[in-house]
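S.K.: Below you'll find the structure I mean.
No lab work stands behind these numbers, since they all come straight from the coordinates. Remember, predicted model here, so these are calculated numbers, not experimental data. Ideal geometry is used to build each Cβ from the backbone, glycine not excepted, and the neighbour counts take in all protein chains shown.
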């Protein structure tokens, strides 16, 4: 059961990695990858057993949406501490999603190919989000 979704193009050097030169959160490469992951979660959980639609599928979807929507909510915050609060919430939801990937694989709700797709995407989002947040940590530590 391979699930294909549109791939985001890798940004040019220096593009999409910070807020400079972006107009909306959708311009951030980290948000684009998180959105791609969220779409994959929705497509994958459609195939879950009916008994899990209100349970595990709903929780997995919720965590994926929180990961992405927290970035959106924090994007326009001007105060670095406020911005980081939302991006930290996104990191927490990311870790929740990481667990759901393992659980769904072990329960055989998703196959190995989809599991690998999800793991690759979540790891990409993790690296990008960690890098993005470290820029704000640097700003706060210089004060």
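S.K.: So if each residue of separation counts as 0.36 nm, and I subtract the Cα-Cα distance between residue 127 and residue 52, what length gain in nm does that give? All intermediate terms of the calculation are to be shown ahead of the outcome.
M.R.: Details: separation 75, 0.36 × 75 = 27.00 nm, distance 3.04 nm.
Going from the current span to full extension adds 24.0 nm.
S.K.: While we're looking at this one, here's another question. For the range 25-141, calculate the relative contact order in percent as a whole number, restricting contacts to Cα pairs under 8 Å that are 6 or more residues apart.
M.R.: On the way: 105 pairs, mean separation 36.4, N = 117.
Once normalised by length, the contact order is 31 percent.
S.K.: Would you please state which residues of the range 26-53 a label at residue 103 would reach in this model, taking the label point 7 Å out along Cα→Cβ and a backbone N cut-off of under 16 Å?
M.R.: So the set is 41-42, 45-46, 48-53.
S.K.: How high is the FRET efficiency between residue 135 and residue 65 when r is their beta carbon distance and R₀ equals 25 Å, given to the nearest 0.05?
M.R.: Values: r = 25 Å, r/R0 = 0.98.
According to the calculation, E is roughly 0.55.
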